[in-house]
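The values are calculated or read from the model by the stated rules, or taken from the named source; none is laboratory data. All of these numbers come straight from a predicted model, not from anything done at the bench. Quick reminder, even Gly has a Cβ in these numbers, built from the backbone with ideal geometry, and neighbours come from all protein chains shown.
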């Protein structure tokens, strides 16, 4: 059965509803503390952001000087001791050695003596469904992120909350709802999705696949999320079972591209990974059994690999024996895939796949990248410059350089010798505001 031919949903009306809800959410949180009055995120270099801001939003991006710490630039590997970072209107205006950088008067100073200063980290695969989860992600160092989808467009509201009050949420690329055969209660996320509930075989036909993409875009999604395999985190499912063919995936990719969107694809089996890459997805998520032929194709196409090692390692700690055994079996395979991808030159991005109210520190994913065989600096790059490039934020996030976002973390030690310090930043700055 196909979806009846009806006009695509109205972008203006559905978008207005989402933004109104986000504005209300941000307004109710504004009383939560000084961070809630941080104002618009002017550091994002996002031309569309000015069209989405709520009129009269309280506060504005911060003015802050971080002074006295050791600054690491992940792009170059350069280390600057006794550094100064000047942030004005949420954007980095200058960095360098103390004495070489002019410091404005009457500006808040954050003393970083004895600390290391890094740009805010990027979590390229996270599920943020509540304001509490969003704020927790920021506090744990993820100042930018990409959603791995939510059930009812909560991530789009979180993105708007971040623009209104940056200290409350990461700068976010929202994915909207999952393009998956069985939408379940997600058909209630938007009236335009409800006709899909009657499809006996689920969302599989070309017009049904296009419908979900169209509704996502109309609701303001920045990227599209789909799957090629079943889930690893459910004991009754077989993660190697394929749910979409290459042709179906290509239909999703084509529908997304027509609207200027990339696709991230949940995957496990080698055949599934290969079909997803050949269909043109922008990034491969999980990808435990990805093989060399697919990795070489990914390098050729520039397809990114987001292995979510944190999520796979977490399975091994499950109380369910099936999931625990799955995690123990999958993790070493995935570690070898990550190292092979790195050695072949496949772009890597760090993502925790956090969900269900538990936000894992993105620093833990960097540690796992290092454990898989990457150098400390290359592991850090997967959560800074590499992940920023995947999100289209390579001129905004991932570095503390002139013109970049004023997002920073302060660490208790040298991350190049002990990546464990990334798990618990001693301070987080978001758009020039101390969180």
Mind checking whether some residue in region 272-295 is modelled with pLDDT of 95 or more, in a strand (DSSP E or B) and over 15 Å from residue 340 (Cα atoms)?
yes
One residue from 272, 262 being crowded, with 24+ Cβ neighbours inside 10 Å and within 19 Å of residue 125 (Cβ to Cβ):
272
Yes or no: region 229-249 includes at least one residue that is within 23 Å of the chain's Cα centre (by Cα) and part of a helix (DSSP H, G or I).
yes
Just need a number here: residues in region 293-312 that are over 19 Å from the mean Cα position of the chain (by Cα), surrounded by fewer than 23 Cβ atoms within 10 Å (Cβ to Cβ) and in contact (Cβ under 8 Å) with a residue 12 or more places away in the chain.
5
So, in region 369-385, of the ones that are buried (at least 24 other Cβ atoms within 10 Å of the Cβ) and without any contact (Cβ under 8 Å) to a residue 60 or more places away in the chain, which residue ends up farthest from residue 223 (Cα to Cα)?
379
Tell me whether region 178-185 contains one or more residues that are within 18 Å of the chain's Cα centre (by Cα) and in contact (Cβ under 8 Å) with a residue 12 or more places away in the chain.
yes
Every residue from region 222-241 that is free of Cβ contacts under 8 Å to residues at least 60 places away in the same chain and more than 16 Å from residue 178 (Cα to Cα)
234, 236, 237, 238, 240, 241
Qualifying position, being touching a helix residue (DSSP H, G or I) at 6+ places or on another chain (Cβ under 6 Å), surrounded by 24 or more Cβ atoms within 10 Å (Cβ to Cβ) and under 30 Å from residue 408 (Cα atoms), among 169, 145:
169
Quick check on this structure: which one of 47, 43, 35, 57 is within 27 Å of residue 391 (Cα to Cα), modelled with pLDDT under 50 and surrounded by fewer than 15 Cβ atoms within 10 Å (Cβ to Cβ)?
47
From the list 249, 344, which residue is surrounded by 20 or more Cβ atoms within 10 Å (Cβ to Cβ), in contact with a helix residue (DSSP H, G or I) (Cβ under 9 Å, 6 or more places away or on another chain) and farther than 22 Å from residue 422 by Cβ?
249
In region 280-292, which residue that is more than 21 Å from residue 147 (Cβ to Cβ) and touching a helix residue (DSSP H, G or I) at 6+ places or on another chain (Cβ under 6 Å) is surrounded by the fewest Cβ atoms within 10 Å (Cβ to Cβ)?
291
Scan of region 251-271 for residues that are out of contact with any strand residue (DSSP E or B) (no Cβ under 7 Å at 6 or more places or on another chain), touching a residue at least 40 places away in the same chain (Cβ under 8 Å) and assigned to a helix (DSSP H, G or I), ordered by number:
251, 255
Examine region 179-194 for a residue that is farther than 30 Å from residue 78 by Cβ, in contact with a strand residue (DSSP E or B) (Cβ under 8 Å, 6 or more places away or on another chain), surrounded by fewer than 24 Cβ atoms within 10 Å (Cβ to Cβ) and at pLDDT 95 or above, and state whether such a residue exists.
yes
Determine which single condition residue 107 fails, assuming it passes every other condition in (1) surrounded by fewer than 19 Cβ atoms within 10 Å (Cβ to Cβ); (2) at pLDDT 95 or above.
(2)
